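Step one of this worksheet: look at the structure below.
No lab work stands behind these numbers, since they all come straight from the coordinates. Note that the coordinates shown come from a computational prediction; the quantities given were computed from them, not determined experimentally.
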């Protein structure tokens with residue numbers, strides 16, 4: 001009697017989380033390859049690209065390490081933008097004092113756009 005081996009199943013990741021990782025990576029001004037290489041053990045840029053695209057799940061330990069490297073709380077990567085803003089409010093407040101009113105208006109628009117996209121991102 002031959003035992004049947006179940007077909008491999010796809011385990012897609014979370015595109016919304018991937019987008020938040022990509023956003024935080026953009027804030028740091030680093031590439032996928034550079035950030036992935038900082039992981040222990042080092043990962044490839046393709047590994048991170050697949051996570052950012054929602055094609056690959058990320059382990060909790062890897063998510064924590066990425067958050068530390070990106071200097072954002074894990075809660076932000078899970079989608080709790082409000083907690084992130086609260087936790088980093090002092091840093092943003094100090095930086096905001098150095099910006100022009102036009103720059104502040106642009107940032108406010110960007111935050112609204114990000115919130116809109118996060119609210120409409122696939123779960």
ask   = Stokes-Einstein at 25 °C, 0.890 mPa s, Kirkwood radius from Cα pairs: D for the range 15-120 in µm² s⁻¹?
value = 167
note = So residue 109 and residue 86, fully extended at 0.36 nm per residue minus their Cα-Cα distance, gain in nm 6.4 nm
